[in-house]
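I have placed the structure first, in the form of structure tokens, so that the comments after it can refer back to it.
The values are calculated or read from the model by the stated rules, or taken from the named source; none is laboratory data. Bear in mind the structure is a predicted one, so any value in this text is a computation, not a measurement. Cβ: placed from backbone, ideal geometry, glycine included. Neighbour counts: every protein chain shown.
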Amino acid sequence: MSLAQANAFALSLATSLMVSIVVFRAGDGTLSVMPAEEYDGDASEIVCEIDPYAR
């Protein structure tokens, strides 16, 4: 998925679930999103984090 698609998906998830979402680069180079509390990968692979409570 492209960076724009990943960011849009992450924003949608963050506002729906009201949890922080991370956009990260997987081992094969693709981008993916998941709740921040469930991410246990390498911190250097995180592209951005979306917090629904941040202004």
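Quick look at the numbers
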quantity: Residue that is surrounded by the fewest Cβ atoms within 10 Å (Cβ to Cβ), among those in segment 1-16 that are in a helix (DSSP H, G or I) and in contact with a strand residue (DSSP E or B) (Cβ under 7 Å, 6 or more places away or on another chain); calculated: 3
quantity: Candidates 27, 41, filtered to the one that is surrounded by 10 or more Cβ atoms within 10 Å (Cβ to Cβ) and modelled with pLDDT under 95; calculated: 41
